[in-house]
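To start, the structure itself, in structure tokens.
The values are calculated or read from the model by the stated rules, or taken from the named source; none is laboratory data. As the structure is a prediction and not an experimental result, all values here were calculated from the model. With ideal geometry, Cβ positions are generated from the backbone for all residues, glycine too; neighbour counts draw on all protein chains shown. Calculation scope for accessible area: heavy atoms of the full protein, side chains included, ligands and nucleic acids excluded. Shrake-Rupley method; radii C 1.70, N 1.55, O 1.52, S 1.80 Å.
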Amino acid sequence: MTPAPAYPQPRGLLKGRTVVVTAAAGTGIGFSVAKRAAEEGARVLISDFHERRLGEAADAIAAAVGVRPETCICDVTSETAVQALRDTALAKLGHVDVLINNAGLGGEVPVVDMTDDQWARVIDVTLTSVFRMTRAFLPAMTARGSGAIVNNASVLGWRAQKGQAHYAAAKAGVMAFTRCAAIEAAEHGVRINAVAPSIAMHPFLARVTTDELLAKLSAQEAFGRPAEVWEVANVMIFLASDLSSYMTGEVVPVSSQRA
């Protein structure tokens, strides 16, 4: 197993920018990308459905970078809540340069055992929320003639894994939505891209996934280990920054999977 590299040093990639991140509570990719954005000089607003964990995430970012991000409770499956998040972000940040759509919901269920409610819930949280958030935030970006949206997809949008039909379908939808929305937004100076991680280790994943499956998925990676959440966040920061100024409608894999 190849060890993870050292945590990156800030380079000011988002200095002076404003960033909104959904599903940023806890210890997953959302928290990590919010922290990385703050480290790179951005003013950040983080959102999540879990109020207590959202506050703890904001405290952790403040302890790391010296500035506490703005917070807003939001259920991304509610159009009213999404609009309230947009209004709060515009009120607190003035404008939004970068939107990072990170909300997602998985779970392992065979197709023949999957209920309509299980299917619909995963599609709503993982795919429809990306549509709702983009629809809410894109008009102000197009009016300003600039902005970047980064969506969190998954390699399962391309590859098969049993028990993941609902999640894989949702993530494939995120990829297709990213491509189509990007073409619409390009004429207004707004870029929309996505990342597609394979496996990134964090405590929540460890709680909902068996040790056997984690070991199997890790063994499929060329480095023999899962990604650190900040390794995925690094690519999202790149897509949010001017370093990716010519990229739109792209889905960037963040994986080391064997061919």
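Points worth noting:
- The set of residues in the stretch 39-53 that are buried (at least 24 other Cβ atoms within 10 Å of the Cβ) and either over 20 Å from residue 131 (Cα atoms) or of a type in the set (Gly, Ala, Ser) (or both) comprises 42, 44, 47.
- Residue within the stretch 151-166 that is out of contact with any Lys or Arg (no Cβ under 9 Å at 6 or more places or on another chain) and part of a helix (DSSP H, G or I) present: yes
- Residue count for the stretch 133-156 satisfying the condition of being open to solvent by less than 20 Å² (accessible area, probe 1.4 Å) and over 17 Å from residue 76 (Cα atoms): 5.
- For residue 189, the conditions (1) modelled with pLDDT of 95 or more; (2) under 21 Å from residue 35 (Cα atoms); (3) among the small types (Gly, Ala, Ser) all hold with the exception of (2).
- Note on the stretch 79-96: residues that are assigned to a loop (DSSP other than H, G, I, E, B) and open to solvent by 20 Å² or more (accessible area, probe 1.4 Å) amount to 2.
- Unique residue being open to solvent by less than 10 Å² (accessible area, probe 1.4 Å), touching a residue at least 24 places away in the same chain (Cβ under 8 Å), touching a His at 6+ places or on another chain (Cβ under 8 Å) and assigned to a helix (DSSP H, G or I) when the list is 122, 130: 122
- Residues of the stretch 196-251 satisfying the condition of being assigned to a loop (DSSP other than H, G, I, E, B), open to solvent by 60 Å² or more (accessible area, probe 1.4 Å) and either modelled with pLDDT of 95 or more or under 30 Å from residue 186 (Cα atoms) (or both): 245, 246, 250
- The condition of being at pLDDT 95 or above, within 21 Å of residue 194 (Cα to Cα) and among the small types (Gly, Ala, Ser) holds for only one of 120, 136, 81, that being 136.
- Within the stretch 64-78, the residues that satisfy the criterion of being open to solvent by 60 Å² or more (accessible area, probe 1.4 Å) and in contact (Cβ under 8 Å) with a residue 24 or more places away in the chain are 67, 70, 73.
- Restricting attention to the stretch 1-38 and to residues that are touching a residue at least 60 places away in the same chain (Cβ under 8 Å) and of a type in the set (Lys, Arg), the residue that is least open to solvent (accessible area, probe 1.4 Å) turns out to be 36.
- Close Cβ contacts (under 8 Å, 6 or more residues apart or on different chains) running from residues in the stretch 79-105 that are within 28 Å of residue 122 (Cα to Cα) and among the acidic types (Asp, Glu) to residues that are open to solvent by 10 Å² or more (accessible area, probe 1.4 Å) and assigned to a helix (DSSP H, G or I) comprise 79/132.
- Subset tally (residues that are assigned to a helix (DSSP H, G or I), closer than 23 Å to residue 137 by Cα and more than 13 Å from the chain's Cα centre (by Cα)) for the stretch 1-47: 1
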